[in-house]
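These notes are about the structure you will find just below.
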Amino acid sequence: MSTAFISDLHLSAKAPEISLRFQEYLSNELAGVERLYILGDLFEYWIGDDAAAMLGMQPVLDALKQLTNSGIQGHLIVGNRDFLIGEQFAKKTGFTILEDETVINLGNEKVLLLHGDSLCTDDHLHQQFRQQMMCNKAFHQHALSLSIEERIATAEKMRGMSAEHKSEISDEIMDVNTDAVVSVLEKHDVTRMIHGHTHRPAVHSHDTKNGVAERIVLGDWYTQSSFLSHDENGFNLSNLKT
Ligand code: MN
């Protein structure tokens, strides 16, 4: 039995080729998989579960439902692009929504899962966005009370601002802060973590008070299919270029 992890697919109607690769992944790569964890930014943006069809994403929900119907457990942590994923999504897909920073058991080991943007503490503008919008239930309520057209306009505007912000800051600022990594590993008493968000697939080592810890970073799906699997032989991170 194995466990699979993906993140940062950034699915949208504007990039049908990514949805196609995702469908292929679901049909070809999940044989013998017991649990699938999606660690955030499944969607390019998500403006509420009621707008799934309007964004052309109903087929994705149907595919996820088919997956859980087939007996695979599905779990999802929201990302900074799709933090408005809610209960209707869970009901329609059979996925459970997990808190950011969830510790799971993998074999005999405890492993910390998170989207990863909380680790980018040098990016002050992003941390402000995280506090004021992503992690603010009152903001969610306000956002969901707008018309779908207004929400799409806001999401497009924010996407533009995010692209502009990224073009203005350095690679170091956009990456995780090592102190933040060590601090969250020690907080949860784990020596392994898996996250996405930075779009820099790799395996890193960090010294912690509990010994050397491993940090596995999933890649995005813009130009590759990036996925991690775990079985009795250990972890395997794949990045299939298109
Ligand atoms: Mn992200």
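Couple of notes before you dig in:
- Paramagnetic reach from GLU109 in the stretch 206-240 [backbone N under 16 Å; point 7 Å along Cα→Cβ]: 206-208, 210-218, 228-238
- For the chain, hydrophobic long helices are taken as DSSP H runs at least 15 Å long by C-alpha position along their axis with mean Kyte-Doolittle hydropathy of 1.0 or more; none is present.
- Selected from GLN128, HIS115, ILE72, residue furthest toward positive end of dipole (the stretch 69-209; charges at beta carbon): ILE72
- Positive-end residue, the chain charge dipole about Cα centroid, Cβ charges, pick of SER229, ILE169, ALA90: ALA90
- Nearest-20 debye value, the chain charge dipole, Cβ charges on Lys, Arg, Asp, Glu: 420 debye
- With DNA, RNA and ligands ignored, accessible area of ASP50 (1.4 Å probe; Å², nearest 10): 100 Å²
- Pairwise FRET efficiency - ASP231 versus ASN69, Cβ, R0 = 25 Å, nearest 0.05: 0.60
- Span from the the stretch 64-96 Cα centroid across to the the stretch 19-59 one, whole angstrom: 8 Å
- Annotation: amide H-H contacts under 5 Å for THR121 (H modelled 1.01 Å from N, sequence separation of 5 or more, or interchain): ASN177.
- The chain: translational diffusion in µm²/s, Stokes-Einstein, Kirkwood Rh over Cα pairs, 10 °C, 1.306 mPa s: 87 µm²/s
The values are calculated or read from the model by the stated rules, or taken from the named source; none is laboratory data. Since this is a predicted model, take the numbers as computed values, not measurements. Note that we place each Cβ from the backbone using ideal geometry, even for glycine, and neighbour counts take in every protein chain shown. Note: areas computed on protein heavy atoms with side chains; ligands, DNA, RNA excluded. Shrake-Rupley method; radii C 1.70, N 1.55, O 1.52, S 1.80 Å.
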